Each structure stands twice: as structure tokens, then as C-alpha cells.
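In what follows, a structure is listed as C-alpha cells, so that the remarks can point back to it.
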């Protein structure tokens, strides 16, 4: 994860300004990577920045992930995690980047 989130009661302007600049430069803590579990149909991703109203987007990073991309979807989003539902096979390299917005 990248970005420098200031404390809720941050009093140092430099820290707040750095956090704002990071956002303008595209850095965020609401991103990550997930490798789908082999021989399973769901993979749960722990993500502290995810809330029930977060919209999660996947981007395949491997050939096997790209081949199954159309069959993968976010089936649940709750506080602190989301679930990816996907085809079950023995491939262990179905890796995706994810971003959560909202």
C-alpha cells in the first residue's frame, strides 16, 4: 500500500499536506493484489479500507487470470473484506490487482 494517511486529529500541517499531495499524485491505500485460491470457487480478501458501500474493481495481471476474468466477480463486500467468486481449477497463478472506491 502507498499513501500517507494523517491521523484523524492530525495537527501538523506538513503531514496533512503530504496526504493531500499523495492523493493528487494517484497514491492510495485502497489498492492491493490477490491471487485466487486454487481448487476453490471463492477467495476472501482482507482489506481494512473496504466498507459495505465500496466498489471493488479487479485487473488481471497474469495470462491465467485474464483467461478467467469474465467469469470472476465480487460477490460480497463487508467491512474490512470482499469476496471474489471465480471458476475452480488447479491454476495457482491467477493474480489480480484490485482497487476499492467509495
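Rule-based calculations on the coordinates, nothing more; no lab input. Source: prediction; values computed, not measured. Cβ coordinates were reconstructed from backbone atoms using ideal geometry, including for glycine residues, and neighbour counts include every protein chain displayed.
Dimensions of segment 29-101 from C-alpha coordinates, computed as largest minus smallest value along each principal axis and given longest first, are 30, 19, 17 Å. The C-alpha atoms of the chain define a longest principal axis, and helix 13-24 lies at about 40 degrees to it. With each label modelled as a point 7 angstrom along the Cα→C-beta vector, the residue 92-residue 40 pair spans 1.4 nm.
Each residue, residue 17 and residue 71, gets one label point 7 Å from its Cα in the Cβ direction; the gap between the two is 5.3 nm.
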